[in-house]
Amino acid sequence: MEKDGLSVGDFVLLLLNLRKKCQNEQEENLSQTEALHYAHFRLWIEDIDERQALRLLNRQTAARIIHNFLRIECGLPDLPDISAAKNLKDLYTCRLCANHIAQVYERGIMPACELDEEGVFFNHLGILSKKEIEEIIKTMKKIMKNM
C-alpha cells in the first residue's frame, strides 16, 4: 500500500528548506535527523514529532508545526483576531491545538476540509495528502515573501 501523505520528519525538513529559500540562504544538506534535532531545539516541534518522525502528517500536527515555525523561525506574530475560525465546529476538540489551528485557518494556510449539515470542520486527525501539502507550501511561500 503506497502512502499518499508525507511523514512528519519529511515535512519538518521541507519547512526548514523553505525558510532557507525564502531568505535566499544556501540550502544545507541536512539529514532528516539533523533537521528534527534543530526544530526540536528551536521549540517548533515536540518530542513526539522527533521520536515518531515516520508517522504520517495529520492536520492537527501540521497546524501546530506550521504555526510554531512561522512564529519562531520567521518571526511572524499571531493574528489578534481569530473570530472567523470560531465557525469550525471542532476547533476546541483539542484545546491546546485551538490557537495553532485558528492561526493557520485565518491566514488561509489550511482551509476547513469538511462541510456537513452540522457545519464546517477542520478534521484534526485527517491525514494530509501530498496535494494538500503542496497547496500549504504555496500559501506559506506567499506569506513568507510578504514579510
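The values are calculated or read from the model by the stated rules, or taken from the named source; none is laboratory data. What you see is a predicted model; the values in this text were computed from it and never measured. Every residue, glycine as well, gets a Cβ built from its backbone with ideal geometry; the counts of neighbours run over all protein chains shown. Just the protein is used for accessible areas: all its heavy atoms, side chains included, with ligands, DNA and RNA removed. Shrake-Rupley method; radii C 1.70, N 1.55, O 1.52, S 1.80 Å.
Would you mind stating whether Arg71 is within 15 Å of the chain's Cα centre (by Cα) and open to solvent by 80 Å² or more (accessible area, probe 1.4 Å)?
On the way: within 15 Å of the chain's Cα centre (by Cα): yes; open to solvent by 80 Å² or more (accessible area, probe 1.4 Å): yes.
Yes, satisfied.
For region 121-142, a residue qualifies if it is closer than 26 Å to Gly75 by Cβ, open to solvent by 30 Å² or more (accessible area, probe 1.4 Å) and either aliphatic (A, V, I, L, M) or touching a residue at least 60 places away in the same chain (Cβ under 8 Å) (or both), and exactly one does: Lys141.
Open to solvent by 30 Å² or more (accessible area, probe 1.4 Å), of a type outside the set (Asp, Glu) and under 20 Å from Glu132 (Cα atoms): does that describe Tyr92? Let's see the steps before the verdict.
Working: open to solvent by 30 Å² or more (accessible area, probe 1.4 Å): yes; of a type outside the set (Asp, Glu): yes; under 20 Å from Glu132 (Cα atoms): no.
In short, no.
Exactly one residue out of Lys86, Lys142 is part of a helix (DSSP H, G or I), within 18 Å of Gln60 (Cβ to Cβ) and either of a type in the set (Gly, Ala, Ser) or more than 13 Å from the chain's Cα centre (by Cα) (or both), and it is Lys86.
In region 27-68, what count of residues is obtained for those that are under 11 Å from the mean Cα position of the chain (by Cα) and open to solvent by 80 Å² or more (accessible area, probe 1.4 Å)?
Step one: of region 27-68, the residues under 11 Å from the mean Cα position of the chain (by Cα) are 44-45, 57-68.
Restricting the remaining residues to those that are open to solvent by 80 Å² or more (accessible area, probe 1.4 Å) gives none.
Summing the residues that are under 11 Å from the mean Cα position of the chain (by Cα) and open to solvent by 80 Å² or more (accessible area, probe 1.4 Å) in region 27-68 gives 0.
In region 99-120, what count of residues is obtained for those that are open to solvent by 10 Å² or more (accessible area, probe 1.4 Å), outside any loop (DSSP other than H, G, I, E, B) and at pLDDT 95 or above?
Step one: of region 99-120, the residues open to solvent by 10 Å² or more (accessible area, probe 1.4 Å) are 99-100, 105-108, 111-120.
Within this subset, residues satisfying the condition of being outside any loop (DSSP other than H, G, I, E, B) are 99-100, 105-106, 114-116, 119-120.
From the residues that got through so far, the ones that are at pLDDT 95 or above too are 99-100, 105-106.
The number of residues fulfilling the criteria is 4.
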